[in-house]
Amino acid sequence: MKVLFIVQGEGRGHLTQAIAMEDLLRRNGYEVVEVLVGKSNSRRLPGFFNRSIQAPVKRFLSPNFLPTTANKRASLSRSVAYNVMKLPTYIKSMHYIHTRIEESGAELVINFYELLTGLTYLLYRPAVPQISIGHQYLFLHRDFEFPGKNRLNLCLLRFFTRLTCIGAQEKLALSFREMEDDGTAHVRVVPPLLRKEVLSCEGTQGDYLHGYMVNAGFGENIKIWHGAHPEVPLHFFWDKQDEEEVCRVDETLTFHQIDDVKFLRYMAGCKAYATTAGFESVCEAMYLGKPLLMVPAHIEQDCNAYDAARSGAGVISDGFDLERLLAFSGSYRPDTSFRYWVRSCDWRILRCIETAMDELRYPKSASPYSCLNLDTL
């Protein structure tokens with residue numbers, strides 16, 4: 001079966017999930033014919049992605065969140081204003097996506113939480129079936145518990161999530177823990193989709209703290225904390241433009257450009273891990289048994305952090321309070337059941353894909369478009 005990927009290019013999580021999914025499908029007889037990746041002027045595609053993915057990669061302009069002027073949390077007002085002005089560009093991108101779906105010969109589209117995929121299926125109604133995958137689809141599950149954050153922001157998050165999966169035959173929700181499927185919402189709960197390099201890696205206990213921040217403005221927080229605790233070695237990763245691959249501040253503080261091979265090596269050997277609470281790196285830390293400090297940069301990461309903290313993976317903070325991380329690491333005990341859950345990912349995801357395709361071949365219900373009610377979005 002020929003499969004086309006459409007991937008949100010924001011951060012690194014969806015990109016690494018696409019790498020893992022391509023490997024899974026190829027090992028089981030599928031052919032990934034093309035990978036379409038959303039891009040923006042404020043983000044660049046990490047080099048590890050082009051090195052790791054085998055299918056041809058093509059880019060299109062896609063909406064993205066803009067940070068505040070301090071370059072820390074995402075700014076909803078700036079993001080909305082910027083993306084509204086770019087609407088003509090995004091319409092061209094949707095036309096491009098539709099053309100690639102038609103011309104690639106794909107028999108299945110797998111959407112990694114890219115907004116324009118859902119809008120393309122709304123406007124163009126491609127005949128090729130779509131499956132959407134991402135941890136965000138857990139936000140549509142009836143049993144998911146949200147943090148006590150701004151209700152409007154949570155409603156907007158769920159609305160955005162629904163837009164991304166318009167026309168999807170199934171929604172595969174990546175989860176920290178096993179849960180019952182939500183048949184009403186067409187949400188199937190599956191384990192995190194981690195790369196084979198992570199699954200084959202064994203964690204060791206080093207003396208340094210490791211970290212990743214999606215917005216480089218948090219770098220100043222790290223430098224301030226480091227100034228008060230120069231004895232603690234720190235290795236942090238970012239995607240700050242116009243910086244060297246390795247920015248060594250002094251003997252115990254180094255900033256690295258994001259590179260997945262190096263990132264994983266530092267993750268495996270660290271004492272503890274601090275992150276802006278992206279789902280993928282939280283899962284990698286949990287799998288390798290690393291205690292976590294989570295500093296959410298937007299509402300989606302607030303939900304990730306809350307859910308991971310409920311699982312005992314780490315603590316949540318408004319800033320990179322690394323003393324709190326060190327204190328938590330003293331009492332942290334890895335959750336061995338999480339590793340078993342992750343290792344069941346391959347057969348669970350394959351079963352979901354094959355079941356969805358069988359239902360299309362032998363339909364028992366109407367098209368996913370027939371039940372689309374825009375009032376519920």
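Please treat every number below as a calculation from the coordinates, not as lab data. Nothing here was measured: the structure is a model prediction, and the numbers come from that model. Cβ coordinates were reconstructed from backbone atoms using ideal geometry, including for glycine residues, and neighbour counts include every protein chain displayed.
Some points to look at:
- Label-point separation in nm, Leu163 to Asp358, each point 7 Å along Cα→Cβ: 3.6
- Dipole of the chain, positive end: most advanced residue of Tyr137, Leu325, Ser344 [Cβ charges, Cα centre]: Tyr137
- Geometric descriptor of the range 274-350, per residue, is 82 Å³ (volume of the convex hull of the Cα atoms).
- Beta bridges per DSSP, both residues in the range 165-241: antiparallel share near 10 percent.
- Approximating the spin labels as points 7 Å out from Cα along Cα→Cβ, the Arg27-to-Asp250 distance works out to 4.5 nm.
- Links that overshoot a 19 Å alpha carbon limit, given the list Lys2/Lys58; Lys2/Lys92; Lys58/Lys196; Lys223/Lys262: Lys2/Lys92; Lys58/Lys196; Lys223/Lys262
- Of all stretches in the chain that contain no trypsin sites (Lys or Arg not before Pro) in a DSSP loop with at most 11 other Cβ atoms within 10 Å, the longest one is 143-363.
- For the range 200-338, the antiparallel share of DSSP beta bridges with both residues in that region comes to about 15%.
- Only DSSP H runs of four or more residues enter the estimate; each adds -39500 (n - 2.57), and after division by the residues of the chain the mean residue ellipticity at 222 nm equals -12000 deg cm²/dmol.
- For the range 205-271 and the range 100-129, distance of Cα centres in Å: 38
- Paired Rg and Dmax values of the range 200-338, which use every Cα atom, in angstrom: 13.7, 42
- Gain on full stretching of the segment that runs from Lys92 to Arg310 - 0.36 nm per residue minus C-alpha separation: 74.3 nm
- Antiparallel bridge percentage (DSSP; both residues within the chain; nearest 5): 15
- What the Cα convex hull of the range 100-238 gives, in volume per residue, is 188 Å³.
- The GluC sites (Glu not before Pro) of the range 176-258 meeting both criteria, a DSSP state outside H, G, I, E and B (loop) and at most 13 other C-beta atoms within 10 angstrom of the site's C-beta, are Glu178, Glu180, Glu202, Glu231, Glu244, Glu245, Glu251.
- Loop-located GluC sites (Glu not before Pro) in the range 81-171 whose Cβ has at most 12 other Cβ within 10 Å (DSSP): Glu145
- Per residue, the convex hull spanned by the Cα atoms of the chain measures out at 132 cubic angstrom.
- Amide N of the range 100-116 lying under 11 Å from the label point, which is placed 7 angstrom from the Cα of Leu122 along Cα→Cβ: 115-116
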